[in-house]
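Asker: One structure coming up, written as structure tokens, with questions to follow.
The values are calculated or read from the model by the stated rules, or taken from the named source; none is laboratory data. The model shown is predicted, which means the values in this text are computed figures rather than measured ones. Cβ atoms come from the backbone with ideal geometry, glycine included; neighbour counts cover every protein chain shown. What goes into the accessible areas is simple: the full protein's heavy atoms, side chains included, and nothing from ligands, DNA or RNA. Shrake-Rupley method; radii C 1.70, N 1.55, O 1.52, S 1.80 Å.
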Amino acid sequence: MTGWDKEYLHNKKDYMELFDRVMQKEQETNIEFLEKNLSARLGRNVVVCANGTDALYFALLSKNIGPGDEVLVTNFSWISTASVISMAGATPVFCDIDINTYHMSFDSIKKMYSDKVKAIIYPHLFGNMSNTSTIKEFCKEKNIVFIEDACQSLGSSYNGVVAGTIGDISTLSFNANKVVAGISGGGAIITDGDTEIFKKLRKHGNNEILGYNSKMLLFNAQIINYRLNKLDSYIERRQEIAKQYDEALKDFVIVQSNTGGHNYHKYVIRLQNKKIRDKLKEKLGAKVHYENPISENKMYNNIKHRKDITYVSKIVSDTVLTLPLHPYMTQSEIDTIINTILIILEQDNSKFVDSMKKIIGDDLFDKSLINETTEDIYDHIVEKTYQLPEYIEEVDFKDKRKLKIAFNKFYENITTNTK
């Protein structure tokens, strides 16, 4: 699903030459060339380390965030976005997300704020960015450190503002599933300030402070640097594939919003219910990012935390599906994924129509009814039947005409508009 095996074969000669050149050098040596390349792209100071988790952890430690402090964080992301908070001894405060962007909800952030909050970790999920100006202003007002988790968004932008440039401290990851990946992961810390604290933390504290073994070896840095120089072409191809998905699927599923600078680290769709999502997951051999809100993971049964009522995070966890996407996909692979989704959704749509016919009769469709109104209960019955076709058989109702009106309104919506 990552495509790096195909990428290697396509560029095998380059990799063999790189391997031969690098293996004649010490591996625990200067990797400033990668930091300089990243710095030139982002216009900020960069320190690389072993992985994106360490980068986030070091960001917290550099601001002396620890026991007694709280950190605002999304409840819908990869677990390390939040686990680093507990690693630092602070308390994660889980916020809900916006239903359209899957990013942290400002309303939830305001609701969960307390005087103990010292930082926020804000990820650009799946590589898409959105407007953070209101949240950044709130952080400035409350003296909260804005830590930008750009681990999934290298190369992404919003209105010309590039990921990795908006945080008080920002972080990157070069894990195997990223748009640019190392062969053994990798991470980076990005700041406008002094970098010495990060250089110490990644190398046992230079025997001056408590530090960690978070070095990046030369060969890995060279692989990342080689791929970093191809980033624009990678993203361009990802966007081309995503556009095909959008055009083919937008009238049948909810596609992720794109503000124009999406790197498509992940291409995520959302289905109307978990049952259909799981059916597609099995048929496509696809993955779900992420199947549970972070706070529902077993580890948080024994870890101190606070959380909002994150029902949107739960809805999204139950209904999202990640489709295969990488720059080396063939047109045949893309077409197969699209056609499989459309066939399965059509099968489920037929079950919905057949279920309604059992009650209303074969004369089910009448577009002249779509502007008429009914009581909310009929709209609810139709929507519930769409999610679970057998539901209609369990419901008592008095007026078949009103049910027919509700059906035609709903069917017109799902067949002509993006849900």
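Asker: Between T134, T171, which is among the β-branched types (V, I, T), open to solvent by 50 Å² or more (accessible area, probe 1.4 Å) and outside any loop (DSSP other than H, G, I, E, B)?
Answerer: From the options T134, T171, the qualifying one is T134.
Asker: Determine which single condition K304 fails, assuming it passes every other condition in (1) open to solvent by 50 Å² or more (accessible area, probe 1.4 Å); (2) part of a helix (DSSP H, G or I).
Answerer: Here K304 meets the rest and fails (2).
Asker: Let me ask something else about it. Please go through the range 252-285 and give me each residue that is under 15 Å from the mean Cα position of the chain (by Cα) and either on the phi > 0 side of the Ramachandran plot or assigned to a loop (DSSP other than H, G, I, E, B) (or both), ordered by number.
Answerer: Q256, S257, N258, T259, H262, N263, Y264, H265, K266
Asker: When Q24 is evaluated against the numbered criteria (1) at pLDDT below 95; (2) outside any loop (DSSP other than H, G, I, E, B), which criterion, by number, is the only one it fails?
Answerer: Condition not satisfied by Q24: (2).
Asker: For residues that are farther than 21 Å from K110 by Cβ and among the aromatic types (F, W, Y), tally how many sit in the range 297-326.
Answerer: Residues meeting the conditions: 1.
Asker: OK, next. Can you name the residue in the range 180-205 that is open to solvent by 10 Å² or more (accessible area, probe 1.4 Å) and assigned to a loop (DSSP other than H, G, I, E, B) and, of all such residues, is nearest to Y234 (Cα to Cα)?
Answerer: S184
Asker: Taking the stated definitions as given, is L154 closer than 30 Å to E17 by Cα and in a loop (DSSP other than H, G, I, E, B)?
Answerer: For L154, the condition - closer than 30 Å to E17 by Cα and in a loop (DSSP other than H, G, I, E, B) - is met.
Asker: While we're here: So which residues in the range 99-115 are aliphatic (A, V, I, L, M) and more than 15 Å from T132 (Cα to Cα)?
Answerer: Result: I99, M112.
The rows are residues; the columns are (1) open to solvent by less than 10 Å² (accessible area, probe 1.4 Å); (2) of a type outside the set (D, E); (3) at pLDDT below 90.
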residue	(1), (2), (3)
S317	yes, yes, no
L323	yes, yes, no
H326	no, yes, no
L388	no, yes, yes
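Asker: Quick test for you: out of I65, I99, I121, pick the one residue that is outside any helix (DSSP H, G or I), open to solvent by 30 Å² or more (accessible area, probe 1.4 Å) and of a type in the set (A, V, I, L, M, F, W, C).
Answerer: Being outside any helix (DSSP H, G or I), open to solvent by 30 Å² or more (accessible area, probe 1.4 Å) and of a type in the set (A, V, I, L, M, F, W, C) holds for just one of I65, I99, I121, which is I99.
Asker: State whether one or more residues within the range 36-44 are at pLDDT 95 or above, assigned to a loop (DSSP other than H, G, I, E, B), out of contact with any Phe, Trp or Tyr (no Cβ under 9 Å at 6 or more places or on another chain) and open to solvent by 60 Å² or more (accessible area, probe 1.4 Å).
Answerer: Yes.
Asker: Inside the range 206-240, can you point out the residues that are touching a His at 6+ places or on another chain (Cβ under 8 Å) and in contact (Cβ under 8 Å) with a residue 40 or more places away in the chain?
Answerer: Y212, N213, R238, listed by residue number.
Asker: Still on this structure, please answer the following. Looking at (1) in contact (Cβ under 8 Å) with a residue 12 or more places away in the chain; (2) over 23 Å from F126 (Cβ atoms); (3) hydrophobic (A, V, I, L, M, F, W, C); (4) in a helix (DSSP H, G or I), which is the only condition I343 fails?
Answerer: Of everything listed in (1) in contact (Cβ under 8 Å) with a residue 12 or more places away in the chain; (2) over 23 Å from F126 (Cβ atoms); (3) hydrophobic (A, V, I, L, M, F, W, C); (4) in a helix (DSSP H, G or I), I343 misses just condition (1).
Asker: Let me ask something else. Tell me, which residue of the range 102-118 that is surrounded by 20 or more Cβ atoms within 10 Å (Cβ to Cβ) and of a type in the set (S, T, Y) is farthest from A150 (Cα to Cα)?
Answerer: Among them, the one singled out is S108.
Asker: Looking at L9, is it open to solvent by less than 50 Å² (accessible area, probe 1.4 Å), on the phi < 0 side of the Ramachandran plot and assigned to a helix (DSSP H, G or I)?
Answerer: In short, no.
Here's the yes/no breakdown for (1) β-branched (V, I, T); (2) within 24 Å of D278 (Cα to Cα):
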| position | (1), (2) |
| --- | --- |
| I315 | yes, yes |
| Q331 | no, no |
| T336 | yes, yes |
| L342 | no, yes |
| I360 | yes, no |
| D379 | no, no |
| Y386 | no, yes |
| Y411 | no, yes |
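Asker: If N292 satisfies all but one of (1) in contact with a helix residue (DSSP H, G or I) (Cβ under 8 Å, 6 or more places away or on another chain); (2) assigned to a helix (DSSP H, G or I); (3) under 19 Å from D98 (Cβ atoms), what's the number of the condition it fails?
Answerer: (2)
Asker: Continuing with the same structure: What are the residues in the range 247-267 that are of a type in the set (A, V, I, L, M) and within 16 Å of T340 (Cα to Cα), if any?
Answerer: Within the range 247-267, A248, L249, V253 qualify.
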